[in-house]
Amino acid sequence: MALDKELLDILACPKCKGPVKLEEDSSGLVCDACRLRYRIEDDIPIMLIDEAEEI
Amino acid sequence: MTEDPRKTFSKSAERYLDSADHRTGADLVVISETAHAMLPGVTLDIATGAGHALRAAAPYSGYCLAVDLTAEMLKVAREHLTRAGLNQMGYVQARADRLPLSDGSVNLVTCRIACHHFSSIPDFLSEVRRVLAPRGRIVMVDSIVPSDEKAGEFLNRVEKLRDPSHVRSFTMRQWLEFFNIGKLPIASVSTFERTHSFTEWSRRVSQKEKDLKEVERSFQEAPVNLKKLFRIEQDSNGAVISYTDEKVIIIAERR
């Protein structure tokens, strides 16, 4: 089960509120501006700054 | 010190699905009617819990988004709403005061019986205002405390004893001020009373007998005026049967 287009259209980085892009393997969402990666686990994006990985 | 709600709700998520305090209520009718009166768009439920508010709004929404701080809670909501045949749904783990959504992307925000867990109501409302589209609305429901300071402190103390992730319940006046400062003009305000079965209410968060006894003792030893105010009912042995508090429903619109 992939993330809905409706959801991807409105998701943003919780830190800068800018766009996030879905990784090719759909395992995470990346904010290029903040250089943060938000994991997706069990089809639920974990959009928490304190749990994001620096890239 | 306030406990991280993730710790509290990861252990008690399932109990919020069946909770009579959460699966029923006049406020769910208000949420449903508010969604019905608007053009179908994106409905965002903040701190969704088991998803009861979204279930009420979903028939009148284009797309529904459940946001919660706790992954376990989102999984309970997903199972509940999928079983109810609702599929136009997304689930996202996020903080209420750090919403991962673009500006103006939401038509209706619901937030039901959750704000007392938030660390900053102004930050939460600022984020709500940011994500709402012009003419978008919020329906906020939460417990309120009496304006009498001692009565308010008593209820907040008991709530925190029962649930360490409880931050604070506010008075009606404080809520009106929060919306005023947050530049979200209020369209309507109403209140309703909720009688909580002590057994269900107290065991929803903690199952430890020692903690539960302490919460019960607080009600048993409350001054007479507070027993009357919160309608604390006890059986012939003194065991607490129920108490009653007040909830506020505020509907506000982003101009």
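Listing for the model above:
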{"item": "Any pair with Cβ under 6 angstrom, 6 or more apart, that starts in the range B:169-182 at a residue that is open to solvent by less than 70 Å² (accessible area, probe 1.4 Å) and ends at one that is among the hydroxyl-bearing types (Ser, Thr, Tyr)", "result": "B:Ser169/B:Ser143; B:Thr171/B:Ser147"}
{"item": "Number of the condition not met by A:Cys34 [criteria: (1) open to solvent by 50 Å² or more (accessible area, probe 1.4 Å); (2) assigned to a loop (DSSP other than H, G, I, E, B); (3) over 18 Å from B:Asp68 (Cα atoms)]", "result": "(1)"}
{"item": "Residues of the range B:80-98 satisfying the condition of being at the interface with another protein chain (Cβ under 9 Å from one of its Cβ atoms) and either closer than 19 Å to B:Met140 by Cβ or small (Gly, Ala, Ser) (or both)", "result": "B:Gly90, B:Ala94, B:Arg95, B:Arg98"}
{"item": "Every residue from the range A:1-31 that is away from chain B (no Cβ under 11 Å), open to solvent by 40 Å² or more (accessible area, probe 1.4 Å) and part of a strand (DSSP E or B)", "result": "A:Lys21, A:Leu22"}
{"item": "So B:Ala50, is it modelled with pLDDT of 95 or more, farther than 25 Å from B:Arg135 by Cβ, small (Gly, Ala, Ser) and in contact with a helix residue (DSSP H, G or I) (Cβ under 9 Å, 6 or more places away or on another chain)", "result": "no"}
{"item": "One residue from B:Leu101, B:Leu125 being open to solvent by less than 10 Å² (accessible area, probe 1.4 Å) and either within 30 Å of B:Asn225 (Cβ to Cβ) or within 12 Å of another protein chain (Cβ to nearest Cβ) (or both)", "result": "B:Leu101"}
{"item": "Of all residues making up the range B:95-151, the number that are among the basic types (Lys, Arg) and over 27 Å from B:Ala50 (Cβ atoms)", "result": "2"}
{"item": "Test: residue in the range B:234-255 that is assigned to a helix (DSSP H, G or I) and closer than 20 Å to B:Thr171 by Cβ", "result": "no"}
{"item": "Single match in B:Arg83, B:Arg112, B:Arg95 (criterion: among the charged types (D, E, K, R) and surrounded by fewer than 22 Cβ atoms within 10 Å (Cβ to Cβ))", "result": "B:Arg83"}
{"item": "Subset of the range B:68-90 [assigned to a strand (DSSP E or B) and over 18 Å from the mean Cα position of the chain (by Cα)]", "result": "B:Met89, B:Gly90"}
{"item": "Matching residues, the range B:56-79, being away from chain A (no Cβ under 14 Å) and surrounded by fewer than 22 Cβ atoms within 10 Å (Cβ to Cβ)", "result": "B:Pro59, B:Tyr60"}
{"item": "Test: residue in the range B:139-159 that is of a type in the set (Gly, Ala, Ser), within 17 Å of the chain's Cα centre (by Cα), surrounded by 15 or more Cβ atoms within 10 Å (Cβ to Cβ) and modelled with pLDDT under 95", "result": "no"}
{"item": "Residue that is most open to solvent (accessible area, probe 1.4 Å), among those in the range A:37-55 that are among the acidic types (Asp, Glu) and facing another protein chain (nearest Cβ under 10 Å)", "result": "A:Asp50"}
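The values are calculated or read from the model by the stated rules, or taken from the named source; none is laboratory data. This structure is a prediction, so every number in the text was calculated from the model and none was measured. Note that each Cβ is placed from the backbone with ideal geometry, even for glycine, and that neighbours are counted across all protein chains shown. Quick note on the areas: whole protein, heavy atoms, side chains included, nothing else; ligands and nucleic acids left out. Shrake-Rupley method; radii C 1.70, N 1.55, O 1.52, S 1.80 Å.
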